[in-house]
Amino acid sequence: MSDGLQSLINYMIPAVGTPRGYLFSETLVAGTPKTIDFISVQGGYWAGQPFRPSGVYMDNTQGTADLKVVINEMSYQMICPAGETLNLPFPAPLDLTATITGEGRVTVVFVDVPVQPYRSF
């Protein structure tokens, strides 16, 4: 799989149209943040509607440090410890950007459907 906007199958009501998710799967280097601007992501507009995520799935099972996702517009932080997974809803401001920091192989999926909070730790 490559990073970018992906189709999802989900039977819950999405924010707009069909459910969508943005996959970020990379090996992070400590001290090197990655920023995602959801207005400018490839395929960010479908049927004229912007992608507005309101939930995140964080897989840090292969990470060697805390995986942190920050919703920049409100400094909202979500932290998943190394070796764990975390699912969380978050406030969804318009024109959202997120910064991801951590160390090691991580997978983060932003979705525009309701997310049930869950943590493996």
- Note on the structure: Scanning segment 35-58 for residues that are closer than 18 Å to residue 113 by Cα, more than 10 Å from the chain's Cα centre (by Cα) and in a strand (DSSP E or B), the one modelled with the lowest pLDDT turns out to be 46
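In this structure, is residue 120 under 14 Å from the mean Cα position of the chain (by Cα) and more than 17 Å from residue 3 (Cβ to Cβ)?
When the stated conditions are applied, residue 120 does not pass them.
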- Taking the stated definitions as given, is residue 96 surrounded by 16 or more Cβ atoms within 10 Å (Cβ to Cβ) and touching a helix residue (DSSP H, G or I) at 6+ places or on another chain (Cβ under 9 Å)? yes
- Query: Of the residues that sit in segment 77-97 and are modelled with pLDDT of 95 or more and farther than 15 Å from residue 118 by Cβ, which one is nearest to the chain's Cα centre (by Cα)?
  - Reply: 77
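Matching residues to (1) in contact with a Pro (Cβ under 8 Å, 6 or more places away or on another chain); (2) acidic (Asp, Glu):
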site: 74; (1), (2): yes, no
site: 87; (1), (2): yes, no
site: 109; (1), (2): no, no
site: 112; (1), (2): yes, yes
- Task: For segment 61-69, state whether one or more residues are of a type outside the set (Val, Ile, Thr), part of a loop (DSSP other than H, G, I, E, B) and at positive phi.
- Result: no
- Message: Considering only residues that are surrounded by fewer than 18 Cβ atoms within 10 Å (Cβ to Cβ) and either outside any strand (DSSP E or B) or touching a Ser or Thr at 6+ places or on another chain (Cβ under 9 Å) (or both), which ones fall in segment 73-91?
- Response: 73, 74, 75, 81, 82, 83, 84, 85, 89, 91
- Mind checking which pairs have a first residue in segment 78-106 that is touching a residue at least 40 places away in the same chain (Cβ under 8 Å) and a second that is charged (D, E, K, R) and in a loop (DSSP other than H, G, I, E, B), Cβ under 6 Å, 6 or more apart or different chains? 81/66; 92/52
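The values are calculated or read from the model by the stated rules, or taken from the named source; none is laboratory data. The model shown is predicted, which means the values in this text are computed figures rather than measured ones. Neighbour counts run over all protein chains shown; Cβ positions are idealised from the backbone, glycine included.
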